4 protein chains.
Amino acid sequence: MTTQRKSLSGTTRRNETSRRAILAAAFELVQEVGYAKLSIEGIAARAGVGKQTIYRWWPSKGAVLFDAFLMLSEQPDSGESALPDTGDLEADLKAVLRATIDELNDPRYDEPMRALNTEITHDPALAALYAERLDGPMRELKKQRLRSAQRAGQLAEDLDLDVAVDMLWGPLLNRWLQRNGALTAEYVDNIVETALNGLRPRH
Amino acid sequence: MTTQRKSLSGTTRRNETSRRAILAAAFELVQEVGYAKLSIEGIAARAGVGKQTIYRWWPSKGAVLFDAFLMLSEQPDSGESALPDTGDLEADLKAVLRATIDELNDPRYDEPMRALNTEITHDPALAALYAERLDGPMRELKKQRLRSAQRAGQLAEDLDLDVAVDMLWGPLLNRWLQRNGALTAEYVDNIVETALNGLRPRH
Amino acid sequence: MTTQRKSLSGTTRRNETSRRAILAAAFELVQEVGYAKLSIEGIAARAGVGKQTIYRWWPSKGAVLFDAFLMLSEQPDSGESALPDTGDLEADLKAVLRATIDELNDPRYDEPMRALNTEITHDPALAALYAERLDGPMRELKKQRLRSAQRAGQLAEDLDLDVAVDMLWGPLLNRWLQRNGALTAEYVDNIVETALNGLRPRH
Amino acid sequence: MTTQRKSLSGTTRRNETSRRAILAAAFELVQEVGYAKLSIEGIAARAGVGKQTIYRWWPSKGAVLFDAFLMLSEQPDSGESALPDTGDLEADLKAVLRATIDELNDPRYDEPMRALNTEITHDPALAALYAERLDGPMRELKKQRLRSAQRAGQLAEDLDLDVAVDMLWGPLLNRWLQRNGALTAEYVDNIVETALNGLRPRH
DNA sequence: CTGTAATCGAGACGGTACGTCAGGTCTTACT
DNA sequence: AGTAAGACCTGACGTACCGTCTCGATTACAG
């Protein structure tokens, strides 16, 4: 994957055009034919590239797919530096989670993201990379917003922010991956409210 | 899969011995070689069965795996009729969730369950079957326990029990699938406490 | 094959209807799909018969085909008791050989007869049966006609009639099997004349 | 088959070692297991080659077998430039025909040649190729010898040499293919003498 | 400004597994 | 007991991809 680039010298002979074509082809193909039928051979053909060029730079099908996501996330427009912070935590969280489910429900991203999750679940190395490059930065933004609320006294002082993130996003992702229920705005709102207030009765 | 059996007449010529051998072989193999290298050919060989016998009764590798889980869950000893109900909701939930992570951490079940999740995520039909046969009954038990607590005034009156279940188990499953963190007893306890009390400060 | 019938007791339970249906189906199928794609399964399906019924009575695909030919040859109309004998040997031979090539050129018989020859060439047991039941009787008729001519002084006294038959029919059959040349009336006439007169110049 | 080779450019990437191994394996296997049980899979295994390498270059089992014969016939030692011509036609023909039956009776060639004949009889395309590459050149040699005799006045002036060749070799091949009689020197001699003199009495 | 060495597209290669077809045996239920 | 039906184990079919390997043809660096 990308990290294989001989970054020290900075003088790799690598063909950037081919690299982009491969990642684009992988992303398109996984949408069209699904994860199970995605093949290196298919990617190479679609990208107009020799198979060896793929094997030279990526160790596995999953690594290509991963890099394809990395490329997407590095596009300037998606460089979200922070989550919205209007002061109204509940509203902000609902807005962010709704954006999340919009993405998960988008047919363009559905298959590719499922494929990525599949690769991660079966490949610890890829999972580590995912945690470092994609999930980690995103989680940091989420925790930032929660920390801000915590400082404002809107969240419990002893709250473990990682647990909080898991409790907000975990149910969503799980429902999406296991397909046991639609991802609707109502569901999201319900999750946010219930998470904030807790299962126990207040008072 | 199982539902293909001509159950009405009850007179299929199906060989029950072969069926069991296939399901057992599938379950064992997915542990040994992993999901990616699990093959119908391998299952047939291990089960001492012709490939056609598999293709005759199951539409896909995933369907076989699914039936293997079904067979496990139908074993008399695993006929869990109810979750523990000592009156102490928090303790009961912690106990149950710890049992869950013990299973997820068990190397015998790790790979097979990841494989099952992978199949479900990529096959809506299988997902529906999973919801009906495996996840559904289990979720019902969980909701029963919560309902009991709700009646006892330990849970909010207007609480959506499905959301509650998602909020307790979702974080776990997600952490397990995405491999972003160890599934420890501390984590589980933290989840239970935080879910019950909510993210907001109490008073 | 037919000889398996328990002829002594005369009280086989064998179903004559099925037998006929199988032979007919075999003969038809070999025309339609060719020898290579002729299958027991196909014959059984076409004949509306269980596979076991075929395996019970015939040892091989070739044996079925052979019996199909036997059935044809035993039809009353084809019970030719003798070859034409007008006194004009050359004319009679030409007439008979032309009838032979008409049969070989007939699309209804072409594939089945090639199939039969293939089976014979690869199965000595079948070849023996063929010699006894089909080729033998026919060859006897041919030799009868030649013997008649020999007595009339039209053929050499020391002529080996088997060799004579081979020399008249062999070239034809060989050209047909190896497909190296069309089987025309001219060719047949040429063979007859050349065989009768010999390759050497007369006088 | 061979003719598929892109001979013009001369730059096929074809692996000559594999090609030879395949042809040799096919020839050996057909001897050992017989034509009916000859399989592409078996050839590939014996040759230490992937199945695709066979399917890439040959359209059928028969085509492989055919090329195997072609390879044999192209070996320098078998480059028979002419048939013996001692002036004694009868003796020369007997010698040549005896050599022919020696080959047909040779267990190393028996099965392979029957297999080749089977393929030819069921595949016109292969038959054409056979006529052009193997049978044609051989037939030309035979006709050369006969033409020489014809010029010497030993054969009828108006004799059709193709018919003559058929009449000499046809009976042999037919007897061999149909297995109705042993191929002995006596039989061969009888054929030659009878063919030369004709069936009719000489004076 | 010209080797020269890495990269590229292409695709052959030895393999593994696919999903299908048929072989020959066996079992079941009907006649 | 014979039969139609069809499940079963086996093994071959012909195809798709795997990951490795060569083959010229670019191509960009270094001398």
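The values are calculated or read from the model by the stated rules, or taken from the named source; none is laboratory data. This is a predicted model, so every value here is computed, not measured. Every residue, glycine among them, receives a Cβ derived from its backbone with ideal geometry; neighbour counts consider all protein chains shown.
With respect to the conditions (1) over 18 Å from the mean Cα position of the chain (by Cα); (2) at the interface with chain A (Cβ under 7 Å from one of its Cβ atoms); (3) of a type in the set (D, E, K, R), B:ASP135 falls short on a single one, namely (1). Counting only residues that are assigned to a helix (DSSP H, G or I), free of Cβ contacts under 8 Å to residues at least 60 places away in the same chain and more than 8 Å from chain B (Cβ to nearest Cβ), the stretch A:160-183 holds 2 of them. Identification of helices (runs of 4 or more DSSP H) wholly contained in the stretch D:16-125 with 1 or more residues that are touching a helix residue (DSSP H, G or I) at 6+ places or on another chain (Cβ under 8 Å), more than 14 Å from chain C (Cβ to nearest Cβ) and more than 16 Å from DNA strand E (Cβ to nearest atom) yields D:16-33, D:61-73, D:89-105, D:107-122.
Quick check on the stretch C:144-154: of everything there that is in a helix (DSSP H, G or I) and without any contact (Cβ under 8 Å) to a residue 12 or more places away in the chain, which residue is nearest to the other protein chains (Cβ to nearest Cβ)? Ranking the qualifying residues of the stretch C:144-154, first place goes to C:GLN150.
Conditions (1) surrounded by 13 or more Cβ atoms within 10 Å (Cβ to Cβ); (2) more than 30 Å from D:GLY198 (Cβ to Cβ); (3) outside the structural domain of C:LYS142 (by TED's automatic domain parsing); (4) among the hydrophobic types (A, V, I, L, M, F, W, C), marked per residue:
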| site | (1), (2), (3), (4) |
| --- | --- |
| C:GLU32 | no, yes, yes, no |
| C:LEU38 | yes, yes, yes, yes |
| C:GLY42 | yes, yes, yes, no |
| C:VAL49 | yes, yes, yes, yes |
| C:LYS61 | yes, yes, yes, no |
| C:VAL64 | yes, yes, yes, yes |
| C:PHE69 | yes, yes, yes, yes |
| C:ASP88 | yes, no, no, no |
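When B:ALA95 is tested against (1) in the same structural domain as B:LYS142 (by TED's automatic domain parsing); (2) modelled with pLDDT under 95, just one condition goes unmet, and that condition is (2). Go through the stretch B:110-147 and report how many residues are surrounded by 21 or more Cβ atoms within 10 Å (Cβ to Cβ) and among the small types (Gly, Ala, Ser). Total meeting the criteria: 1.
If you check A:GLU157, A:GLU186 for being among the acidic types (Asp, Glu), surrounded by fewer than 16 Cβ atoms within 10 Å (Cβ to Cβ) and either within 8 Å of another protein chain (Cβ to nearest Cβ) or in contact (Cβ under 8 Å) with a residue 60 or more places away in the chain (or both), only one passes: A:GLU157.
Looking for something within 30 Å of D:GLN31 (Cβ to Cβ) and of a type in the set (Phe, Trp, Tyr) - is there at least one such residue anywhere in the stretch C:100-110? Among the residues of the stretch C:100-110, not one is within 30 Å of D:GLN31 (Cβ to Cβ) and of a type in the set (Phe, Trp, Tyr), which makes the answer no. Considering the stretch C:189-203, the residues that are outside any helix (DSSP H, G or I) and more than 7 Å from chain D (Cβ to nearest Cβ) include one that is farthest from the chain's Cα centre (by Cα), namely C:HIS203. When the criteria are applied in full, A:PRO107 fails the requirement of being surrounded by fewer than 17 Cβ atoms within 10 Å (Cβ to Cβ) and either over 16 Å from the mean Cα position of the chain (by Cα) or assigned by TED's automatic domain parsing to the domain that holds A:ALA25 (or both). Considering A:LEU141, A:LEU126, A:LEU70, A:LEU116, the condition of being within 22 Å of A:ASP189 (Cβ to Cβ) and of a type in the set (A, V, I, L, M, F, W, C) is satisfied by A:LEU141 alone.
Flag set for D:ARG14, criterion: at pLDDT below 95 and within 16 Å of DNA strand F (Cβ to nearest atom). Tallying residues that are more than 9 Å from DNA strand F (Cβ to nearest atom) and either within 22 Å of A:ARG114 (Cα to Cα) or of a type in the set (A, V, I, L, M) (or both) within the stretch A:17-63 yields 22.
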